[in-house]
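Visitor: I have a structure I would like to understand better, so I am pasting it below and will then ask my questions one at a time.
FYI, it's all coordinate maths here, none of it is from the lab. Remember, predicted model here, so these are calculated numbers, not experimental data. Counting neighbours? That spans all protein chains shown, and the Cβs are built from the backbone with ideal geometry, glycine included.
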């Protein structure tokens, strides 16, 4: 048998964390389910290497619009441009 590389992308827990927060019960359930699925897959493979990676971590933050910050979007036409 020839060597084979497989790349797979799964949009969770990322999308659930964006919707419900990184510490939500929904995010925890998705992580636990994904962990069970990976364990099941690995247990059925022979002579294989499985690497699971994540693109970045999550932090719960408040959304702020720059339009909501007074004076931030005001343009001073007399000011010299920043170089």
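Visitor: Would you list 60, 47, 12 from fewest to most Cβ contacts within 10 Å? Show your work: numbers first, answer last.
Guide: Working: 60 10, 47 6, 12 14.
Neighbour counts put them in this order, fewest first: 47, 60, 12.
Visitor: At a threshold of 8 angstrom on Cα-Cα distance, excluding pairs fewer than six apart, so keeping six or more, what relative contact order does the chain reach in percent?
Guide: On the way: 24 pairs, mean separation 16.2, N = 83.
It comes to 20 percent, rounded to a whole number.
Visitor: Could you tell me what fraction of 2.2 N^0.38 Å the Cα radius of gyration of the range 1-64 comes to, as a two-decimal ratio?
Guide: Taking the Cα Rg and dividing by 2.2 N^0.38 Å, one obtains 1.41.
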